[in-house]
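A.B. asks: Below is a structure I'd like to ask you about.
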Amino acid sequence: MRLLSLTLAAAGLALATGLAFADTPPASANADLKAADGSSAGTVRLTEAPGGVLLKIEVKGLTPGWHGVHFHEKGDCSSADFKSAGGHVHGAAAAVHGLLNPAATEAGDLPNLFVAADGTGAAEMYSPSVSLKGARGRPALLDADGAALVVHASPDDHMTQPIGGAGARVACGVIAAR
């Protein structure tokens, strides 16, 4: 009887501990997107998931149509052309771009974002290639020099080197922990 009581108590403790961890909110970060003139171009919310990062993107003031979206290697959107954000986040030393490219190594590649005729757009995207803090060896967006989310003027063809033909950078947001 005592063994049964101890076993039930241990099971209850394990269940309670597991539930406590399950109730812990996942790590999250935000980015306020800015246009070249400094005006607001939208927001991004990033949430750590077990196998990557979930993004919720809302944009405004952009040209209608498809736009390439990428994680860039530096948390710096200070230059008007947003080149201060550096290149795409990489998962390996040799950078090969493209979600459709079988040799791709870039962790910064994301699907395109559609913007409606009124200049607004919204999407949820998921990237299994990055982590907010480097979980499971994936590149960390919140590392020492940070990272940025950049929206490009044109769609990404997911193959052409080095940026899929996505063109100029039209919006940029520094990713920061919440």
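Throughout, read-outs are computed from the coordinates displayed, never taken from laboratory work. Keep in mind that what you see is a predicted model, and the values were worked out from it rather than measured.
A.B. asks: Tabulate in residue order the Karplus-calculated ³J(HN,Hα) for segment 139-148, using 6.51 cos²θ - 1.76 cosθ + 1.60 with θ = phi - 60°, rounded to whole Hz; enter x for Gly and Pro.
C.D. replies: x, 8, 6, 9, 7, 4, 9, x, 7, 9
A.B. asks: Right, here's the next one. I'd like the orientation of helix 2-22 relative to the chain: the angle between its Cα long axis and the longest Cα principal axis, in ° from 0 to 90, rounded to 10.
C.D. replies: Compared with the principal axis, the helix lies near 10 degrees.
A.B. asks: If I model the chain as equal point scatterers sitting on the Cα atoms and use the Debye formula, what is log10 I(q)/I(0) at q = 0.15 Å⁻¹?
C.D. replies: -0.79
A.B. asks: Length gain on complete extension for the stretch Arg45 to Ser78, per 0.36 nm per residue less the alpha carbon to alpha carbon distance?
C.D. replies: Taking 0.36 nm per residue and subtracting the Cα distance, the gain is 9.8 nm.
A.B. asks: Right, next: Through the Karplus equation 6.51 cos²θ - 1.76 cosθ + 1.60, θ set to phi - 60°, convert the phi angles of segment 47-53 into ³J(HN,Hα) values in whole Hz; use x for Gly and Pro.
C.D. replies: Values per residue, Gly and Pro as x: 10, 5, 10, x, x, x, 10 Hz.
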